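**Q** First the structure, which I've put down as structure tokens, then a few questions once you've had a look.
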Amino acid sequence: HMQIMEGDLAPTIERLIPHIKHMQLADTPGRHEPGTGEINYSFIFSTVDALGYDGWIGCEYRPLEDTISGLDWIKPYL
């Protein structure tokens, strides 16, 4: 929702990080898995890590294929 409403995610996250206790992710457009849209998740993950975020990040997307294939995006981050 933040990408659609605010646009520039990193500065918005930096501004709001003291209030963020849980994040949900889905790429935009289409609410599919990361890497299928316009959000640079490597940059976003680096940003939240640099800010010291240690809360939960939930996945709230509709995979383009099946559930298992829809989790392939996470392998580089494990």
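Laboratory data are not the source of any read-out in this text; all were calculated from the coordinates shown. Bear in mind the structure is a predicted one, so any value in this text is a computation, not a measurement. Cβ atoms come from the backbone with ideal geometry, glycine included; neighbour counts cover every protein chain shown.
**Q** For region 2-77, build the charge dipole from Cβ charges (+1 Lys, Arg; -1 Asp, Glu) around the Cα centre, then report which of SER46, TYR77, MET23 sits farthest towards its positive end.
**A** MET23
**Q** Still on this model: Quick check: the angle from helix 41-50's long axis to the longest principal axis of the chain, C-alpha only, nearest 10 degrees?
**A** Value to nearest ten degrees: 30.
**Q** Ranking request for peptides 15-22, 51-58, 26-33: highest mean number of other beta-carbon atoms within 10 Å first, then the rest in descending order.
**A** The peptides rank, most packed first, as 26-33, 51-58, 15-22.
**Q** At 7 Å along Cα-to-Cβ for each site, give me the label-to-label distance between ASN40 and SER69 in nm.
**A** Simple spin-label model gives 2.8 nm for this pair.
**Q** Tell me, in nm to one decimal, what length is gained between LEU51 and MET23 on full extension, where the rule is 0.36 nm per residue of separation less the Cα-Cα distance?
**A** 8.7 nm
**Q** Follow-up. Can you tally the net charge around TYR41? Count Lys and Arg as +1, Asp and Glu as -1, for every other residue whose Cβ sits under 10 Å from the Cβ of TYR41. Working shown, then result.
**A** Working: positive: none; negative: ASP27, GLU33.
Net of charged neighbours comes to -2.
**Q** Something else about it: Which cross-chain or sequence-distant (5 or more) residues have an amide H under 5 Å from the amide H of LEU25, H modelled 1.01 Å from N in plane?
**A** Excluding prolines and chain starts, which carry no amide H, the hits are GLY58, CYS59, GLU60.
**Q** Ordered by residue, what ³J(HN,Hα) values in Hz, to whole numbers, does region 8-17 give under the Karplus form 6.51 cos²θ - 1.76 cosθ + 1.60, where θ = phi - 60° and Gly and Pro are x?
**A** 7, 5, 4, x, 5, 4, 4, 5, 9, 3
**Q** Under a Cβ-only charge scheme (Lys and Arg +1, Asp and Glu -1), can you give me the dipole magnitude of the chain about the Cα centre, in debye to the nearest 20?
**A** On the way: 5 positive and 12 negative charges, 35 e Å.
That gives the chain a dipole magnitude of about 180 debye.
**Q** Local charge sum around GLY70 (other residues, Cβ-Cβ under 10 Å, Lys/Arg +1, Asp/Glu -1)?
**A** -3
**Q** Calculated from DSSP H runs of 4 or more alone, at -39500 (n - 2.57) each and per residue, what is the 222 nm mean residue ellipticity of the chain, nearest 500?
**A** -7000 deg cm²/dmol
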